[in-house]
Amino acid sequence: MLQKVVISPRQLLTRAELEAYDPASEPWQKQFARRYTHHSELKDVLNRMEDVNETVYEKFAVSITPYMAQLMDPNDPDCPIRLQYLPSHHEEKKPGFETMLDELGEEGDTVPGTSVVHRYPRRVLFLVSNTCSTLCRFCTRKRMVSQPSGSVHKDEIERSIDYIASNKDIDDVLLSGGDPLTFDDERLDYILGAIRERAPHVRFLRIGSRMVVQLPTRVTPELCAILEKHRVQMVNIHINHPKEITPLLRERVKMIQKAGIMMGLQTVCLKGVNDDVAILRDLFMQAIEMGVRPYYVYSTDMVEGAHHFIVPHQRMLELYEGVRGWISGPAVPTFVVDGLGGLGKLPIIPTYVSEEPLPDGSGTTVKCRNYKGMTVEMPGLGQHFRVPSQSRA
Ligand SMILES: *Cc1c(COP(=O)(O)O)cnc(C)c1O
Ligand code: SF4
């Protein structure tokens, strides 16, 4: 009798296989199917793995592409990439622990029946996908990005596009999720095409994707042709540490840029990963070297299981001061904190210029401090100059 050969559908790579693995050697879908989805599956691949109990899986899945696993230091448990993706005991359920699943209040700003968050004037966040190729432990959208597979219902996508189409005020649509690039080309082509066709008033169409960084082979000439065809103007990628920048990533970023698309960088400030001036300077300079403009640095959101990553506000200010003035201006992003309950993004800006009353009460002076701590007073700026009207010739 013939024995039936059962091949594991996921075909996880062993340590030796991973070391020899060329992530560019197979189509992205194939690598996507090889994701590690339980920490125990990596025990053979990484040394000194922390064991965690199953309660961490109740709230958030584990998902790691072989490419990302390759970037992890097999011996260092504090490797900045391991910290971002491997579950830790900090996430285990503790009695009395406050849970906050939607601390940004996105659900309150979601248009009913759609996956459109309409918070700001004229622009919307369109959450098209509810999965990513690799799941970040600090994810702000854990409430929806919690499964290693799954997508937003087709009807919901249609209603979302209808909403954008019927609101002529909306001139900027940001596709995010989850990761829009987890869709295949056909579906992405359909969604982008439908927005362009049914909502011609949309002037700016952008995509936020970390998949470019987590599974760079997702970026193909075919994908770029679709983005170009539908005039996607900007792709924002998410990188938190210079170790995430590889020759393969650079190559695929160039592919997107060749389609005439500007690129931005988003970074989450994470304790133990990148809360360090030298690391941030290096990250931002490497980004502009590849033509990717640092856009936002986010304070870690107060989501469940991410508290150990939070960098205190004072430290955020210091980090900003450590980059502003010290590296190229275009490499300096805006630091922001997303206000609890839907306040939106609020800039974190140290005071360099302030207005203070003059000691004699006669008015005010403007005190200035530069990036090196040198100060100067500019009393003239504290006054309202009346420009003498020009005498007519
Ligand atoms: C971040 C965000 C946007 C886009 O904001 P920009 O500052 O224009 O990049 C839009 N809507 C929501 C709900 C957001 O969180
Ligand atoms: S890539 Fe973004 S949306 Fe996806 S898991 Fe990470 S933080 Fe969440």
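Of all lysines in the structure, those lying under 28 Å Cα to Cα from residue 271, and not within fewer than 8 positions of it along the same chain, are 43, 59, 93, 94, 142, 243, 345, 372. Helices in the chain, meaning DSSP H runs of at least 4 residues, each add -39500 (n - 2.57). Divided by all residues, the mean residue ellipticity at 222 nm is -7500 deg cm²/dmol.
Taking the DSSP beta bridges with both ends in the chain, the antiparallel portion is around 40 percent. Here is what passes the span test in the chain: the DSSP H helices with alpha carbon length of 15 Å or more along the helix axis and a Kyte-Doolittle mean of 1.0 or above are 277-289. For the chain, a simple Cβ point-charge model (Lys and Arg +1, Asp and Glu -1, everything else neutral) yields a dipole of about 980 debye relative to the Cα centre.
Considering only alpha-carbon pairs that sit under 8 angstrom and 6 or more positions apart, the relative contact order computed for segment 190-287 is 29 percent. Per 10 Å bin from zero, what fraction in whole % of the C-alpha pairs of segment 132-272 is there, up to the bin with the longest pair? Going out from 0 Å in 10 Å bins, segment 132-272 shows 11, 41, 36, 11, 1 percent. Residues whose amide H lies under 5 Å from that of residue 264, counting only those 5 or more places away or on a different chain, are 235, 236, 237, 293; hydrogens are built 1.01 Å from N in the peptide plane.
Under 8 Å for C-alpha pairs, at least 6 residues apart: give me the relative contact order for the chain, rounded to a whole percent. Answer for the chain is 13 percent. The shape of the chain can be summarised by an equivalent ellipsoid whose semi-axes, obtained from the alpha carbon gyration tensor, come to 41, 27, 21 Å from longest to shortest. Once C-alpha pairs closer than 8 Å and six or more residues apart are averaged by separation and normalised to the residue number of segment 15-86, the relative contact order reads 36 percent. Label-to-label distance for residue 328 and residue 169 is 3.9 nm, based on points extended 7 Å past Cα in the beta-carbon direction. Model label points for residue 364 and residue 351, set 7 angstrom from Cα along the Cα-to-Cβ axis, are 1.1 nm apart.
Segment 113-127 and segment 190-258 have their alpha-carbon centroids 20 Å apart.
Values in this text are rule-based calculations from the coordinates and carry no lab data. This structure is a prediction, so every number in the text was calculated from the model and none was measured. Here the Cβ is made from the backbone with ideal geometry for all residues, glycine too, and neighbour counts use every protein chain on show.
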